[in-house]
Amino acid sequence: MKKIILNFIIIGLAAIAFTVAPAQEINIQSEINVLGQTKPIPIALSGFTGVGAEVLKFDLTVQGFSFVAPDAAQYLISGSDAAGISGTLTDKFAKRELLSRSYNGASLRRQAHALADDIVFAVTGKKGIGQTKIAFKSQPSGNGAGEIYVADFDGYNPQRVTTDGAIVAKPAWVPGRLAVYYTSYARGNPDIFYHSLSSGQRRVIAGYSGLNTSAAVSPDGAKIAMVLSKSGSPNIWVCNADGTGLKQITHGDEDSSPTWSPDGSWICFATKHNERRRLAKVPGGGGTVQYLDTTGAPNPTEPDWSPDGKWIAFTSQMRDFNICVMPVDGSAPPAVLVGGQNPSWAPNSRTLIYNRSLGYRQMLSVLDVFTKQYKDGARATGSSSQPAWAK
């Protein structure tokens, strides 16, 4: 187990060395409307035939690009993945080279992720997500016992980080740290554990009688919102990062799935109100509950607040489960994007990871909210679900 964790940290923290050829760079901002629906940025790829092509197409598709023939493209990517990754990005309309780089010092896959990140930044001025991580639960048989895993955002390089041999659920990252909170039945009851990926240290944060689940860490890492049933109904409680200072902040029926606003002032959650499932928000320190309008997307649950504070993604259950997104300010109704559950925002506030059904099991998929383009992540042999994106 220690060897697995050590390997993960070495891989996750490996620096990618690169050399930069002289080139002029410009930033071009793409516009999106209130709902975020827009056409993808046309880009063409040449010279890449293996892992490089695979990674570039995955990363850029889920960040708002589409791959087209050179004569229909605005941007041209040329390069090689034969022995290390090298690439050049050209704006065909402006007739200017925006980027020219070679990469070494890591696997071809990681080099390609780094090139994709540089392309995203050169075109949009925003940081790419190619080198980010996710946590998720994996179950060999599709149900029952499982473990928590960490992987690259596209599902590659999975590393098992728990050995509970029990039902596990709801991993949540500590912002800026190699650590997660999660729920486990390892002691026979659904308890919330803190688990350090760097040291392997693990401790119980909430082990009260009844339900302890759905830990959500505040943006500064100082507080945890969670669902406890210690007072009867499942409600939202908040405590310090070490489990002390516990305070109940909701008193409704069947409260679930807390998520913090980026400034830490609000917690959005799902609840039952007048016999209907609703989304609501409450001040992080407790106070008056405010209900959100999700008309057109009934039975909402599993909300996740985008890092830029503008959007809430959630699961809506109509006949099937669907991923929906709406503006936090209520300026537009929810948009139903794709079938699936458990959405989690990337640090770029435009890409979501979620799980969807594939026969008897669940698999992870990645969605660009603004174009509705999606890609399926690397397929595991079991069932993968409840992803959480590290921020």
- Item | Pro171 surrounded by 24 or more Cβ atoms within 10 Å (Cβ to Cβ), in contact (Cβ under 8 Å) with a residue 60 or more places away in the chain, within 20 Å of Gly243 (Cβ to Cβ) and within 15 Å of the chain's Cα centre (by Cα) | yes
- Which ones in segment 138-154 are part of a loop (DSSP other than H, G, I, E, B) and acidic (Asp, Glu)? Asp154
- Per-region count, segment 224-258, residues small (Gly, Ala, Ser) and in contact with a Leu (Cβ under 7 Å, 6 or more places away or on another chain): 1
- In segment 81-137, what count of residues is obtained for those that are over 22 Å from Asp368 (Cα atoms) and in a loop (DSSP other than H, G, I, E, B)? 11
- Before we move on, is Asp376 more than 24 Å from Gly176 (Cβ to Cβ) and without any contact (Cβ under 8 Å) to a residue 24 or more places away in the chain? yes
- Message: Taking the conditions exactly as written (touching a residue at least 60 places away in the same chain (Cβ under 8 Å), hydrophobic (A, V, I, L, M, F, W, C) and out of contact with any His (no Cβ under 7 Å at 6 or more places or on another chain)), does Ala135 satisfy them or not?
- Response: yes
- How many of the residues in segment 176-225 are polar (S, T, N, Q), in a strand (DSSP E or B) and surrounded by fewer than 24 Cβ atoms within 10 Å (Cβ to Cβ)? 2
- Task: Could you tell me whether Ser138 is crowded, with 20+ Cβ neighbours inside 10 Å and either within 20 Å of Ser344 (Cβ to Cβ) or assigned by TED's automatic domain parsing to the domain that holds Ser344 (or both)?
- Result: yes
- Within segment 321-356, the residues that are more than 20 Å from Pro158 (Cβ to Cβ) and hydroxyl-bearing (Ser, Thr, Tyr) are Ser331, Ser349
- Those residues of segment 234-277 which are over 21 Å from the mean Cα position of the chain (by Cα) and buried (at least 20 other Cβ atoms within 10 Å of the Cβ) amount to Pro234, Asn235, Ile236, Trp237, Val238, Ile249, Thr250, Asp255, Thr271
- Task: Can you run down the residue pairs with Cβ atoms below 6 Å, 6 or more apart or on separate chains, where the first is in segment 205-231 and farther than 21 Å from Val168 by Cα and the partner is among the β-branched types (Val, Ile, Thr)?
- Result: Gly221/Val174; Lys223/Val238
- Answer from Arg96, Arg109 - the residue that is touching a residue at least 24 places away in the same chain (Cβ under 8 Å), crowded, with 18+ Cβ neighbours inside 10 Å and out of contact with any Cys (no Cβ under 8 Å at 6 or more places or on another chain): Arg109
- Task: State whether the residues of segment 48-61 include one that is in a loop (DSSP other than H, G, I, E, B) and at pLDDT 95 or above.
- Result: yes
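So that you can scan it fast, the table gives a plain yes or no per residue for (1) modelled with pLDDT under 95; (2) within 25 Å of His273 (Cβ to Cβ); (3) buried (at least 18 other Cβ atoms within 10 Å of the Cβ); (4) not aromatic (Phe, Trp, Tyr):
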position	(1), (2), (3), (4)
Ser306	no, yes, yes, yes
Thr315	no, yes, yes, yes
Asp320	yes, yes, no, yes
Pro333	yes, yes, no, yes
Gly339	no, no, no, yes
Arg361	yes, no, yes, yes
Ser385	no, no, yes, yes
- If you take the residues of segment 33-80 that are under 22 Å from Tyr374 (Cα atoms) and among the acidic types (Asp, Glu), which of them is farthest from the chain's Cα centre (by Cα)? Glu54
- Query: Listed residues Trp345, Trp311; which is hydrophobic (A, V, I, L, M, F, W, C) and either without any contact (Cβ under 8 Å) to a residue 24 or more places away in the chain or surrounded by 24 or more Cβ atoms within 10 Å (Cβ to Cβ) (or both)?
  - Reply: Trp345
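The values are calculated or read from the model by the stated rules, or taken from the named source; none is laboratory data. Being a predicted model, the structure only gives us computed values, none of them experimental. When we count neighbours, we look across all protein chains shown, and the Cβ atoms used for this are built from the backbone with ideal geometry, even at glycine.
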